[in-house]
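Take a look at the structure set out below.
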Amino acid sequence: MGSQWTMVVLLAAIGSGSTYAGEKTQTTVYVSEVYLSNRDGSCDLLGTGKVVASSLFARIGVRLHWHEGELPAAQSPAGDGAIQKLIGVRTLARAPESATPEALAAARIVGSSGTEITVYKDRLQRFLDAHSTLARPAGAGIGYVLAHELAHAMQGVARHSELGILKAYWSNADFEEMVFRKLAFTNLDVELIHRGLAFQLANAAAPGGAAAMAPPTASFTAVGGMRTPH
């Protein structure tokens with residue numbers, strides 16, 4: 001199956017400290033189907049961030065297709081040379097006691113369906129209240145939170161970067177860049193996203209399906225004046 005897609009490795013300045021310039025040539029179209037749950041108000045709360053999140057991923061050659069509803073029971077190749085990954089997003093009113101301290105959300109593998117992201121409403125609201133400037137540009141704060149969590153799900157590894165969207169803690173300078181959509185993925189982030197999408201598809205098609213892959217749970221913590229208590 002690997003021969004059906006060609007992937008250009010993004011190597012020029014691949015260190016985690018380099019921001020992705022978006023000028024690299026790639027021959028693969030990556031497609032992620034994202035399902036916002038309509039059972040828990042996720043669509044209403046997170047829907048405003050869809051445009052921002054989509055634009056951030058479009059810069060790195062990943063196309064997000066948004067749906068309203070639950071994550072389907074199975075996933076399949078997108079066809080036409082595209083690599084597809086299914087991701088579900090839901091919300092919880094309050095973060096559970098088992099949640100990582102200060103985390104706004106967490107991601108986990110759901111059988112053969114794909115990855116499910118759970119956003120904690122109480123912590124997300126405190127984050128948005130603490131950074132009201134992100135509310136003025138429509139969906140900026142929520143869009144970046146979605147982009148961060150979706151990137152975790154695509155990479156399939158528990159890691160953060162020193163700079164950019166996948167930092168473990170965002171600074172006030174990062175929040176200022178978000179307002180103008182300047183905060184971006186690093187080169188290493190982009191390569192791991194692309195590799196993760198290709199790896200996940202290959203494992204889903206292999207004997208045993210998604211059971212062959214076992215990436216760790218990923219969680220996200222934001223900072224910059226907002227600290228979420230246990």
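Nothing in this text is a laboratory measurement; each read-out follows from the coordinates by a stated rule. Because the structure is a prediction, the values reported are computed rather than measured. For neighbour counting, all protein chains shown are included, and Cβ atoms are generated from backbone atoms with ideal geometry for every residue, glycine included.
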Subtracting the Cα-Cα distance of A168 and R59 from 0.36 nm times their residue separation yields 37.1 nm
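Grab the Cα-Cα distance for R94 and E68, subtract it from 0.36 nm times how many residues apart they are, and report the gain in nm with one decimal.
7.2 nm
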Extend 7 Å from the Cα of D122 along its Cα-to-C-beta direction; within segment 94-110, residues with backbone N under 16 Å of that point are 94-106
